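Working notes, structure below.
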Amino acid sequence: MKVVLAGLFLVALISAGCEEQQMITMAQLQDYQDSVSGLIPGALSVQARTKRDFNSEKVTLKLIIGSNEYYDANPDSKQSAAIKAGEIALRVLGKGLDDGVLIITRDIREHKDEPTDGRRSDMKIDSLKQTLVAQ
């Protein structure tokens with residue numbers, strides 16, 4: 001009986017913790033991909049994934065866009081696109097995100113991991129969240 005009660009208590013604690021952390025669904029990720037598809041000139045592929053670090057509970061978004069045309073764009077332009085992608089992410093996926101990165105690649109295939117030729121730009125999720133709170 002004690003084991004059953006302890007198990008029920010553990011399930012209640014886990015359920016309460018899950019309610020605080022919003023889970024990002026596949027439908028939300030698809031909506032996000034559709035929302036950012038026109039963000040990068042010449043985008044031939046758009047892949048969005050989230051990853052939860054179970055030790056720190058941080059949720060990271062990776063947006064991988066395949067574009068030969070935009071691959072060599074200047075870093076300021078890429079950073080601006082990354083910030084815009086972060087704004088869209090917070091609107092579509094919610095404020096449960098902790099970090100985000102835009103990765104531009106020439107390789108338009110599906111990437112299980114990060115592409116080897118990927119050029120990264122930080123989405124500045126933390127500062128975007130602070131800006132949203134201040135508004």
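The values are calculated or read from the model by the stated rules, or taken from the named source; none is laboratory data. None of the values given here were measured: they were computed from a predicted structure. Positions of Cβ are generated from backbone atoms using ideal geometry, with glycine treated the same way; all protein chains shown enter the neighbour counts.
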Seminar exercise, completed: Contact list, first residue from region 92-118 and on the phi > 0 side of the Ramachandran plot and in contact (Cβ under 8 Å) with a residue 12 or more places away in the chain, second anywhere and assigned to a loop (DSSP other than H, G, I, E, B) and not hydroxyl-bearing (S, T, Y), beta-carbon distance below 8 Å, six or more apart or interchain, is G94/Q22; G94/I24
Problem set entry | Test result for I24, under 25 Å from T131 (Cβ atoms), modelled with pLDDT of 95 or more and surrounded by 10 or more Cβ atoms within 10 Å (Cβ to Cβ) | no
Exercise. If only one of I64, I83 is touching a His at 6+ places or on another chain (Cβ under 9 Å) and modelled with pLDDT of 95 or more, which one is it?
Worked result: I64
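Conditions tested, residue by residue: (1) closer than 22 Å to D31 by Cβ; (2) crowded, with 16+ Cβ neighbours inside 10 Å.
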| site | (1), (2) |
| --- | --- |
| N55 | no, no |
| L63 | yes, yes |
| N68 | no, no |
| L97 | yes, yes |
| R106 | no, yes |
| R119 | no, yes |
| Q130 | no, no |
